[in-house]
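To keep things clear, I will list the structure first and then write my remarks on it.
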Amino acid sequence: MNSNATPLPPVIAIDGPSASGKGTVAALVARELGFHYLDSGAIYRVTAHAAQQAGVALDDEPELARLAHRIEPRFDGVEIYLDGAAVGDVVRTEEAGRAASRIAALPALRAALLERQRALRQPPGLVTDGRDMGSVVFPDATLKIFLTATAEERAQRRYKQLIEKGFDASLAALLQDLRERDARDAARSAAPLRQTADAALLDTTNLTIQQAVAQVLRWYRETTATL
């Protein structure tokens with residue numbers, strides 16, 4: 001090993017099921033540390049949106065992989081752009097989430113997006129959330145966290161978010177959708193959702209966002225203090 005090689009920037013990888021709060025926690029941790037932030041789910045949502053705009057079927061794995069290489073989404077804070085147009089509101093709908101979950105099960109597409117995600121590992125560091133950030137995309141992450149909550153609590157959170165944004169929502173339908181998405185994400189052959197052996201478990205069912213952020217920061221500081 002070359003001892004003079006420049007160390008890679010640190011990564012905090014936060015994985016977990018849909019609506020667990022990992023995106024909010026990750027973004028706030030990144031802001032606190034002055035790190036870059038990667039919402040990996042947004043990459044799949046943008047790709048699914050681009051496919052629908054181009055008339056590509058969501059089960060056409062080869063064409064989806066080619067599409068993923070062609071598109072150039074741009075992430076600016078919480079806003080997302082595709083071909084110069086802001087698409088953040090469109091790709092954060094429940095429909096977009098379901099489409100993203102479908103295409104995320106396709107190995108060729110995941111491979112096409114892998115290097116795009118790894119390229120975002122830049123100084124001073126990166127906080128990222130998703131389903132396979134610690135297990136596949138950044139297996140050497142400085143800190144790995146599996147952030148979760150009960151399905152009922154996650155459905156309540158998603159329901160509140162949608163109502164506050166003025167969308168119609170059914171709590172029962174959201175709960176069913178989350179359970180189906182959990183099962184699909186855990187059962188897929190390509191990078192299934194799972195807690196790795198070296199990931200710390202953070203159950204946020206009874207925690208506020210601020211408490212969850214404080215715990216992640218505490219773990220990170222403890223981890224880096226020993227390096």
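Quick note: the coordinates plus some simple rules give every number you see, no bench work behind them. If you're wondering where the values come from, they're calculated on a predicted model, not measured in any experiment. Every residue, glycine as well, gets a Cβ built from its backbone with ideal geometry; the counts of neighbours run over all protein chains shown.
Can you list, largest first and rounded to whole Å, the semi-axes you get for the stretch 1-134 by taking the square root of 5 times each eigenvalue of its Cα gyration tensor?
Computed over the stretch 1-134, the values are 26, 18, 14 Å.
Net charge near Tyr159: determine it from the other residues with C-beta under 13 Å of the C-beta of Tyr159, scoring Lys and Arg +1 and Asp and Glu -1.
The answer is -1.
Want the number for Arg98 to Leu201: 0.36 nm per residue separation, take away the alpha-carbon distance, what's left?
Working it through step by step, the gained length comes to 34.5 nm.
Taking a ≥ b ≥ c as the square roots of the eigenvalues of the Cα gyration tensor of the chain, is the shape rounded (a/c under 1.5), prolate (a/b larger than b/c) or oblate?
oblate
Taking 7 Å along the Cα-to-C-beta vector as the label spot, tell me the Phe167-Glu63 distance in nanometres, rounded to one decimal.
Calculated label separation equals 2.6 nm.
By the gyration tensor of its Cα atoms, with a ≥ b ≥ c the square roots of the eigenvalues, what is the shape of the stretch 16-62: rounded for a/c under 1.5, prolate for a/b over b/c, or oblate?
It is prolate, given that a/c is not under 1.5 and a/b is the larger ratio.
Indicate the gyration tensor shape class of the stretch 95-226 (rounded, prolate or oblate), computed on the Cα atoms with a ≥ b ≥ c the square roots of the eigenvalues: a/c under 1.5 is rounded; otherwise a/b larger than b/c is prolate and the rest oblate.
Cα axes put the stretch 95-226 in the oblate bin.
Sort Lys160, Lys144 so that the residue with the fewest other Cβ atoms within 10 Å of its own Cβ comes first and the one with the most comes last.
The most exposed by this proxy come first: Lys160, Lys144.
Round to the nearest 0.05 the FRET efficiency obtained for Thr223 and Thr150 when R0 = 30 Å and r is the Cβ-Cβ distance.
For Thr223 and Thr150, the calculated efficiency is 0.65.
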